Amino acid sequence: MFRELERINTRPAPFEFYAAKDLWTDEHTSERMLAFHLNEDIDVSSRNGEFIERSVEWIVSRFGVEAGMKIADFGCGPGLYTTRLARKQADVTGIDFSQRSIRHAREIAAREGLPIHYVHQDYLEFETAERFDLILMIMCDFCALGPSQRVWILRRFNAILKPGGAVLLDVYSLAAFDRRQEACLYEANLLDGFWSPGRYYGFQNTFKYEAEKVILDKYTIVEPTHTRTIYNWLQCFSPESLTREFEDCGFSVEAMYSDVAGASFDPSSAEFAAVARKN
């Protein structure tokens with residue numbers, strides 16, 4: 001028992017393990033995640049419905065979205081942005097590795113007669129001959145990726161963008177890093193049954209990595225037949241560190257905002273958004 005508790009409470013190296021697929025593809029948790037996505041009153045898997053409406057209207061205005069404009073949404077979930085952009089007659093592609101979310105998105109597109117191309121795939125493995133005017137990565141997905149994964153995805157963005165094409169993504173800020181505290185929580189059915197339909201015991205360890213500006217929420221779920229661990233990494237950025245990552249991959253950062261609805265940049269905000277252009 002002692003050795004197992006030691007293992008549960010061990011701090012891994014930054015991005016030593018990658019378990020995002022377990023969070024989004026498990027039958028039970030993906031169902032709970034989809035329910036959070038579709039609840040327009042909360043900011044959990046997605047932002048609330050009112051914010052998404054404002055965000056889409058700002059994107060349309062900011063990037064001049066018009067009929068035939070080619071847009072890719074990396075981590076599209078159940079199509080909350082892709083559906084709205086397709087209604088503006090954009091030519092939209094959505095990529096996500098949650099089969100449940102993609103299935104829901106496809107059902108909405110079919111019901112409304114929207115010609116959205118959905119790809120059920122890990123976006124870190126996405127290849128295409130298409131070339132896009134705009135790429136979106138929203139809800140701080142970029143922060144869940146390790147350093148080598150972030151380089152890969154930015155280079156992939158550069159390769160599949162048209163000349164002068166743009167990326168819009170949001171990230172957690174250093175203000176968000178400063179506000180989080182290390183903690184250890186243990187509960188029966190941790191997070192109100194989120195992790196399993198049956199009875200389980202859950203440990204949540206929050207670790208901070210000061211030098212790297214990384215937060216880890218490590219969840220260890222103990223069920224009658226097995227134990228599993230989910231690692232939720234959050235890289236936090238300064239405007240300067242995010243700019244360097246873009247510039248190293250062939251982009252110029254054009255502007256920064258407090259969110260993907262175009263709010264003016266505020267260094268005290270827990271998140272910020274960047275628009276970068278392919279050089």
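A short reminder: the numbers here are calculations on the coordinates, not readings from a lab. Worth saying up front: this structure is predicted, and the values here are computed from it rather than measured. Ideal geometry is used to build each Cβ from the backbone, glycine not excepted, and the neighbour counts take in all protein chains shown.
Overview of results
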read-out: Surrounding net charge for W152, when Lys and Arg each add one and Asp and Glu each subtract one, Cβ distance under 15 Å; value: -3
read-out: Amide H contacts of D91 (H built 1.01 Å from N, under 5 Å, at least 5 apart or other chain); value: G68, M69, K70, I71
read-out: Amide hydrogen neighbours beyond the local backbone of F237, cut-off 5 Å, H modeled; value: Y172, S173, L174
read-out: DSSP bridge pairs, the chain: antiparallel proportion in percent, nearest 5; value: 65 percent
read-out: Residue exposure sequence - C140, C184, C76 - by fewest surrounding Cβ within 10 Å; value: C184, C140, C76
read-out: Among 106-118, 248-260, the order from most to least packed when residues are scored by Cβ within 10 Å on average; value: 248-260, 106-118
read-out: Inter-site label distance for R228 and Y201 at 7 Å from Cα along Cβ, in nm; value: 1.9 nm
read-out: Residue of L85, L242, L169 that the Gaussian network model of the chain assigns the largest fluctuation, springs spanning Cα pairs under 10 Å; value: L242
read-out: Amide H contacts under 5 Å for A263, placed H, 5+ residues apart; value: S258
read-out: Of [x] 1.02; [y] 0.97; [z] 1.06, the label for Cα Rg over 2.2 N^0.38 Å derived from the coordinates; value: [x]
read-out: Options G202, G250, L190, ranked by Cα towards positive dipole end of the chain, top entry (Cβ charges); value: G250
read-out: Antiparallel DSSP beta bridges within region 144-279, percent to nearest 5; value: 95 percent
read-out: Normalised contact order of the chain, rounded percent, pairs of Cα under 8 Å and 6 or more residues apart; value: 17 percent
read-out: Residues in region 142-182 reached by a label modelled at R131 [backbone nitrogen below 15 Å; 7 Å Cα→Cβ]; value: 157-166
read-out: Size of charge dipole - the chain - debye, nearest 20, with Cβ of Lys, Arg +1 and Asp, Glu -1, no other charges; value: 420 debye
read-out: For region 264-276, Karplus couplings with θ = phi - 60° (6.51, -1.76, 1.60), whole Hz, Gly/Pro x; value: 4, 4, 9, x, 8, 5, 6, 9, 8, 10, 10, 10, 10
read-out: Cα-based shape type of region 132-279, given that a ≥ b ≥ c are square roots of the gyration tensor eigenvalues and the cut on a/c is 1.5; value: prolate
read-out: Options Y123, L134, M69, ranked by Cα towards positive dipole end of region 27-143, top entry (Cβ charges); value: M69
read-out: Estimated distance in nm for a label pair at A35 and E66, the labels positioned 7 Å out from Cα along Cα-to-Cβ; value: 4.5 nm
read-out: Cleavage-rule hits, GluC sites (Glu not before Pro), region 164-235, DSSP coil, Cβ neighbours within 10 Å at most 12; value: E182, E210
read-out: Under 21 Å between alpha carbons - lysine pairs in the chain that sit 8 or more apart or on different chains; value: 7
read-out: Spin-label model distance (nm) - R244 vs A188, 7 Å beyond Cα toward Cβ; value: 4.9 nm
